[in-house]
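Novice: Got a structure for you, written out below as structure tokens; questions coming shortly.
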Amino acid sequence: MNILVTGGAGFIGGNFVYFQREKHPEDRVVCLDALTYAGNLSTLGSLLDDPMFRFVKGDIADRELVRALFAEEKFDIVVNFAAESHVDRSLENPELFLKSNILGTQVLMDACREFGVGRYHQVSTDEVYGDLPLDRPDLFFTEETPIHTSSPYSASKASADLLVLAYHRTFGLPVSITRCSNNYGPYHFPEKLIPLMITRALADEPLPVYGTGENVRDWLFVKDHCSAIDLVMRKGRVGEIYNVGGHNERTNLDVVKTVLAVLGKPESLITYVADRPGHDRRYAIDPTKIHNELGWLPETRFEEGIKSTVEWYLENREWWENILNGDYKNDYERLYNGGGRLGGTK
Ligand code: NAD
Ligand code: TYD
């Protein structure tokens, strides 16, 4: 099979390309990625010399480029990871999120229709369901939970999901969608909670915890997300949504303290800063459907996953130091100091 992975130079897409090449060495993988600030060719490393792998730099919203690539490659499966993915950035520049996340999805699906692609898989997020109250631990997101978004990021992902379902119903496009909880693991861009805390703690810099730190996220090791997508895009029912998560809910404060404990750094590095506007309180996935239909279960416990992630950041300093020393430095200043986060300790 010939598989298109969009956004494969990013965090989850990069892990997914490695997963595919290892699990299905007979399948060829093409990666289309615009190499935005979040895309990094060094993530793909040795794959760049693999004869069963091809990297193409380009924007999924570029219709001409996408059509030419589909005409040339005759893909069997398209799996779309490419997106603007950071909530805080979506508060700054919503339009970019609409272009990549919604229009980009449409352009890819139009090409799938035109060139008869066998499966279009959309990588979505639990954030489309909005949030749950902190005092109702009995509530979880199921595939039937209504869409109820909070940020421009989640609104753009929900819009894309609706388009995907519409292309299935109206045009018969063979689609599937996975909605996963927060991922962590290697190659995670150091603006997101866990890698941000690891890299800042290593430099003995203050760790900015938004609000009270009581918000809850449901953390899944990235390889377990990759195995879920692989199952759904190959064996999942067409037109269906599958929630992905491992029942591993933690408060942000708990996560940050765990990172500090693994690194042997003091909790005095924690700094409470102004809250994120519209901050979702709790995410929690019910993964019953993917377990019952496809037998999927996560393999990595949080305690092991977080240790191996910290080790990865210790052993791959060059990967993240290059990011921290590049353009991202200015972004961090603007997003955090300019936005009043670090300035406005509570
Ligand atoms: P990321 O920001 O690390 O990577 C995104 C990649 O997409 C980058 O390589 C970037 O260059 C590329 N990209 C962005 N816009 C593009 C465009 N217009 N054309 C081509 N390439 C483009 O993101 P991630 O965390 O790896 O997330 C991947 C996908 O998984 C996203 O769709 C996200 O919504 C979804 N998701 C993420 C999480 C999470 O915890 N990170 C959880 C659930 C779902
Ligand atoms: P993030 O990694 O941005 O993922 P998402 O917002 O998509 O869940 O943030 C995870 C949680 O950590 C979220 O509740 C916001 C919080 N957070 C902080 O407290 N401090 C930070 O510096 C960041 C980036 C996030």
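Novice: Could you work out the per residue convex hull volume over the alpha carbons of the chain, in cubic angstrom?
Specialist: 126 Å³
Novice: Helix-only mean residue ellipticity at 222 nm, the chain, DSSP H runs n ≥ 4 weighted -39,500 (n - 2.57), per residue, nearest 500. What is it?
Specialist: Using -39500 (n - 2.57) per qualifying helix, the result is -12000 deg cm²/dmol.
Novice: Given a 1.4 angstrom probe, I'd like the percentage of the accessible area of region 139-255 that is carbon and sulfur, rounded to a whole number.
Specialist: Ligands and nucleic acids excluded, carbon and sulfur reach 54 percent.
Novice: Sorted by mean Cβ packing within 10 Å, highest first, what order do the peptides 11-19, 160-168, 111-119 take?
Specialist: The densest-packed peptide leads the list: 11-19, 160-168, 111-119.
Novice: While we're here: Hey, what's the chain come to in accessible area per residue, 1.4 Å probe, Å²?
Specialist: Here the residues of the chain average 41 Å² of exposed surface.
Novice: Around His225, what is the net charge, scoring Lys/Arg as +1 and Asp/Glu as -1 over all other residues with Cβ under 13 Å from its Cβ?
Specialist: Local net charge: -3.
Novice: Check the straight Cα-Cα distances from Lys74 and name the lysines below 28 Å, setting aside those fewer than 8 residues away within the same chain.
Specialist: Filter leaves Lys23, Lys57, Lys99, Lys157, Lys223, Lys235.
Novice: Ignoring ligands, DNA and RNA, what percent of the accessible area of region 273-328 is carbon or sulfur (1.4 Å)?
Specialist: Carbon and sulfur together cover 44 percent of it.
Novice: Could you look at region 1-119 and say what percent of its accessible area is carbon and sulfur, using a 1.4 Å probe and all protein chains?
Specialist: Reported share for carbon and sulfur atoms: 53 percent.
Novice: With an 8 Å cut-off on Cα pairs and a minimum separation of 6 or more residues, tell me the relative contact order of the chain in percent.
Specialist: Relative contact order for the chain comes out at 18 percent.
Novice: Only loop residues by DSSP count here, and only those with at most 14 other Cβ atoms within 10 Å; note down the trypsin sites (Lys or Arg not before Pro) in region 208-266 that meet that.
Specialist: Arg237
Novice: From the backbone phi of region 114-120, what are the Karplus-calculated ³J(HN,Hα) couplings (6.51 cos²θ - 1.76 cosθ + 1.60, θ = phi - 60°) in whole Hz, Gly and Pro given as x?
Specialist: 5, 9, x, 5, x, 7, 10
The values are calculated or read from the model by the stated rules, or taken from the named source; none is laboratory data. Keep in mind the model is a prediction, meaning the values are calculated, not measured. Glycine gets a Cβ as well: all are built from the backbone with ideal geometry, and neighbour counts include every protein chain shown. Only protein heavy atoms, including side chains, enter the accessible area calculation; ligands, DNA and RNA are left aside. Shrake-Rupley method; radii C 1.70, N 1.55, O 1.52, S 1.80 Å.
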